[in-house]
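Here is the structure we will look at.
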Amino acid sequence: MDKENYIDNILLDITSKLNINISKDDLFFFTDGASDSIVFKLKNKYLVKAMDDITFKTQLEFLTLYSNISYFQKIICLNTDLKYICFEFIDGECKKIIPQADIPQYINILKDIVSQYKKYSNEGYGYLYEENNNWYEFLKDEVDYSKKEFKDLNIDYEIVDYALENIKKYSIVPKLIHGDFGFHNFIINNNSFKVIDPMPVIGDYLYDFYFALLSNASVLKNLDITYILSLFENENSNKKFSLYTVVLFIRMCRCHKYDIKNFDIYLNLYNNIKKKDE
């Protein structure tokens, strides 16, 4: 089926499910980061995403499990054969610059979201349906992938390798987390904060929390790291520090790849990390 006929079939299905009339003028197409995805706004009211099989299954699994969390997109309708989901359309923007005064409220929102994640029973860890044997293996794979980005740079890998070894000491309660939980996937306006595009991971809920705070350079350079590591008092402090270090390294790689102008902010913070053990 060609793309045009595929979209026509999706529109026919939505027309039937929602009992609405749709014309070509009702559509506005977006360029999506995923090459196999088709994303368009419909009547300024709905957002439709047609996806590959794995992306469809993982997003549906995540959003169904967390349908009670108001921060996540709400599913209006879907079709498992056509592999599309129709969401409510969220008006707002992915803000690149976060004012310092706004950071405390976002910390509270992020803390609230990850605290609602549920235990997820599965034999593996890592990306949903592509699991590793354990949480350490998933993190090591992410770190090894990140190291490839730095092959021509003088990066002290001993810092992150030391943190990875420390993480081996601690067990976690596996939960289904967003997996790409960053400001690039937060739709913000004056009245709301919404999270889009899950890339579900089975793992430690704190991974999402640190990932989000380390996803934006304007947040990072104004962040009180000591305060951040003091949160979640029920968690072991060395475990938190080690996971924070690993996530910082992973986010540093993405900054180098996609936002090189802010790379020194991440590198300086990473190089100032001191090894910490119990």
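General observations
- For the residues N271, N234, N262, the requirement of being over 22 Å from the mean Cα position of the chain (by Cα) and free of Cβ contacts under 8 Å to residues at least 60 places away in the same chain singles out N234.
- The selection criterion, being more than 26 Å from K261 (Cβ to Cβ), surrounded by fewer than 18 Cβ atoms within 10 Å (Cβ to Cβ) and of a type in the set (S, T, Y), does not hold for Y205.
- Those residues of the stretch 40-72 which are part of a strand (DSSP E or B) and either touching a helix residue (DSSP H, G or I) at 6+ places or on another chain (Cβ under 6 Å) or buried (at least 18 other Cβ atoms within 10 Å of the Cβ) (or both), in sequence order: F40, L42, Y46, L47, V48, K49, A50, F72
- Yes/no for F186 being closer than 19 Å to K140 by Cα and crowded, with 21+ Cβ neighbours inside 10 Å: no
- Leading residue by the ranking (surrounded by the fewest Cβ atoms within 10 Å (Cβ to Cβ)) among those in the stretch 224-243 that are of a type in the set (A, V, I, L, M, F, W, C) and closer than 17 Å to Y106 by Cα: L231
- Close Cβ contacts (under 6 Å, 6 or more residues apart or on different chains) running from residues in the stretch 1-24 that are in the same structural domain as I38 (by TED's automatic domain parsing) to residues that are of a type in the set (K, R) are absent.
- Filter result (closer than 15 Å to I188 by Cβ and buried (at least 19 other Cβ atoms within 10 Å of the Cβ)) within the stretch 107-119: I107, L110, I113
- Of the helices (runs of 4 or more DSSP H) lying entirely inside the stretch 73-169, those containing at least 3 residues that are without any contact (Cβ under 8 Å) to a residue 40 or more places away in the chain and of a type outside the set (D, E) span 103-115, 135-149.
- Some residue of the stretch 94-102 being among the aliphatic types (A, V, I, L, M), out of contact with any helix residue (DSSP H, G or I) (no Cβ under 9 Å at 6 or more places or on another chain) and surrounded by fewer than 17 Cβ atoms within 10 Å (Cβ to Cβ): yes
The values are calculated or read from the model by the stated rules, or taken from the named source; none is laboratory data. It should be emphasised that the depicted structure is a prediction, and the values quoted were computed from it without experimental measurement. Cβ atoms come from the backbone with ideal geometry, glycine included; neighbour counts cover every protein chain shown.
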